[in-house]
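Novice: Structure incoming, see below.
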Amino acid sequence: MTELDRPEPAPPRRIPLLIFAWLWVAAPFAYGLDRLIVNLLKLFQG
């Protein structure tokens, strides 16, 4: 493999943006999973 075939890593300026984007998606998803589990436990416990 030559130097030209390797993909470049993300520039350092983009790393905070990537972290922010992942958190923007992951935080509501985690909250939704938490609420789902809590409600399922309530439903099946009585």
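The values are calculated or read from the model by the stated rules, or taken from the named source; none is laboratory data. Bear in mind the structure is a predicted one, so any value in this text is a computation, not a measurement. Neighbour counts run over all protein chains shown; Cβ positions are idealised from the backbone, glycine included.
Novice: Out of A10, A27, I need the residue that is surrounded by 10 or more Cβ atoms within 10 Å (Cβ to Cβ), at pLDDT below 90 and not basic (K, R). Which one?
Specialist: A10
Novice: To continue, here is another question. Is it true that A30 is free of Cβ contacts under 8 Å to residues at least 12 places away in the same chain, hydrophobic (A, V, I, L, M, F, W, C) and not in a helix (DSSP H, G or I)?
Specialist: no
Novice: Does L43 fit the bill of being modelled with pLDDT of 95 or more and surrounded by 10 or more Cβ atoms within 10 Å (Cβ to Cβ)?
Specialist: Criteria not met by L43.
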